[in-house]
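Worksheet: the structure to be examined is printed underneath.
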Amino acid sequence: MSRRRAVVGVMGAGDGASPEAMALAEELGECISARGWVLLTGGRPAGVMAAASRGAARVEGHLVVGVLPDEGNEEERQHTAELDLAVFTGMGKARNVINVLSADVVVICGGGGPGTASEAAHALNGGRPLILLAVPPLWRDFFCSLGKGVECASDVDECCRLIEARLQEA
C-alpha cells in the first residue's frame with residue numbers, strides 16, 4: 001500500500017485574481033494542509049497561487065509545491081515565499097500540463113483566464129477529477145457540459161468534502 005500523500009492542485013487567476021477568489025484560495029490552502037494533503041500550485045507570487053500557498057503554510061507539517069514556468073535563472077527565481085519545493089520547468093505555459101497531471105484532484109478557484117481554462121481542460125483530458133470552486137456560471141456550464149468528472153462547490157467546506165470523496169475513490 002502506497003504511503004504517498006495525496007496531491008491537490010489549486011489553479012486560478014494570477015495577477016487578475018479577485019479579492020474573493022484569493023480569500024477562498026487562502027482558506028482552501030489551509031484546509032488542504034490541515035488534512036495532510038500536498039498543495040500544488042503554479043508557484044508564482046500572484047493571485048490564487050500565492051493565496052493558497054499562504055494558507056497552506058500556516059499549518060504545521062505542510063508541503064507546498066510550485067510548478068514554475070521559467071528556468072529558475074537569476075531574476076526568474078522569483079516564486080511564492082511559502083513554497084517548500086519550487087520546480088522550475090523552463091516550459092512557460094506548457095507547464096500547466098505538469099501541474100494538472102501531477103495532481104490527484106484539480107480545483108479551479110474562482111475562475112480565471114485562458115491559462116486557468118487550459119488547466120481545467122487538461123484535467124478533463126488527463127482523467128483527473130475537477131472541482132470548480134465559486135466559478136462564474138459560464139465556467140460551470142461549459143466545463144460541466146464537457147463530460148463526467150466535474151463537480152461544483154460554492155464554499156471551501158463543500159470543496160474539501162468533494163476532494164476527500166474523489167481521493168477515496170482513487
Hey, what D do you get for the chain in µm²/s if you plug the Kirkwood alpha-carbon radius into Stokes-Einstein at 4 °C and 1.567 mPa s? 84
Calculated FRET efficiency for the pair Glu71/Glu158, C-beta based, R₀ 41 Å, to 0.05: 0.60
If you project the alpha carbons of the stretch 4-60 onto their three principal axes, what span does each projection cover, largest first, in Å? 33, 16, 13
Starting from the exponent 0.38 and prefactor 2.2 Å, build the expected Rg for the stretch 1-100 from its residue count and divide its actual Cα Rg by it. 1.01
The stretch 40-151 - percent of accessible surface contributed by carbon and sulfur, probe 1.4 Å: 54
Mind giving me the FRET efficiency for Ala170 and Ala81? R0 is 30 Å, r the Cβ-Cβ distance, nearest 0.05 is fine. 0.45
How high is the relative contact order of the stretch 78-170? Use alpha-carbon pairs under 8 Å, at least six apart in sequence, and give a whole percent. 23
Per residue solvent-accessible surface (Å²) - the chain, probe of 1.4 Å: 48
Compute the separation of the alpha-carbon centres of the stretch 108-170 and the stretch 27-56 and state it in Å as a whole number. 16
Two-site label geometry, Met91 and Arg140: point separation in nm, points 7 Å out along Cα→Cβ: 3.2
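The values are calculated or read from the model by the stated rules, or taken from the named source; none is laboratory data. As the structure is a prediction and not an experimental result, all values here were calculated from the model. With ideal geometry, Cβ positions are generated from the backbone for all residues, glycine too; neighbour counts draw on all protein chains shown. All accessible areas refer to the heavy atoms of the entire protein, side chains included, with ligands and DNA or RNA removed. Shrake-Rupley method; radii C 1.70, N 1.55, O 1.52, S 1.80 Å.
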